[in-house]
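Worksheet: one structure, shown below.
FYI, it's all coordinate maths here, none of it is from the lab. Since the structure is predicted, the reported quantities are computational estimates derived from the model, not experimental observations. Glycine gets a Cβ as well: all are built from the backbone with ideal geometry, and neighbour counts include every protein chain shown.
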Amino acid sequence: MSQLNRVRRLANVLYYVTAGVMGVVAVTLAGVWVVAPPAVAEFQAQFPGLTISPELPGGAYVAVIVVSLLPGLIWLWVLDRMRRLFACYRDGEVMTDQPARHIQRLGQGFLCLGAVQFVSAPLLSVLLTSANGAGERSLSVGLNTEMMGFFIAAGLMTLIGWVMRDVSAVKAENEAFV
């Protein structure tokens, strides 16, 4: 029973830490991308090999902002799944279906983070060079260790979620016999 108490105490701390991080991420996203969006030239550091036109059409610039916001918004969703998982553990719900579902959703969130990063870089490169003349537009495609890490974490969390759902089903079945 003392192990469950430790789990509950740590989960309670992590619940509030995660909620705080969510607040910081939300304020940062709102402040940086909505209140004071970056100038087109500021994207040059992210794509050093591209010639980015300083004058993007309005629709392309809005699309750049939206695509740039997606990873942060997905990260907020993942943090919310973590917070909900910690709430289950804090409340003593350890080997039940609900935490297992949150773990599976964490896997889905990490998969989305990796996929959005994989797709957003080429999309941003096209959008940022769309105002350039013919022959000066670019498509930049790449895979980095962060993306691969998200894909591996997605597989791990999904697998753990499946196992935990089976464990919770066996536990519920055993409790029905007792």
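If you filter segment 9-31 down to residues that are of a type outside the set (S, T, N, Q) and surrounded by 15 or more Cβ atoms within 10 Å (Cβ to Cβ), you find that the one that is farthest from Arg81 (Cα to Cα) is Leu29.
Checking each residue in segment 128-151 for being under 29 Å from the mean Cα position of the chain (by Cα) and surrounded by 13 or more Cβ atoms within 10 Å (Cβ to Cβ) picks out Leu128, Thr129, Ser130, Ser138, Ser140, Met147, Gly149, Phe150, Phe151. Condition check: over 17 Å from the mean Cα position of the chain (by Cα), of a type in the set (Gly, Ala, Ser), at negative phi and assigned to a helix (DSSP H, G or I). Does Ser125 satisfy that? Judged against the criteria, Ser125 is a match. Note down all Cβ pairs under 8 Å where the first residue falls in segment 35-48 and is closer than 16 Å to Val126 by Cα, the second is exposed (fewer than 15 other Cβ atoms within 10 Å of the Cβ), and they're at least six residues apart or on different chains. Close Cβ pairs satisfying both conditions: Val40/Pro54; Val40/Glu55; Ala41/Pro54.
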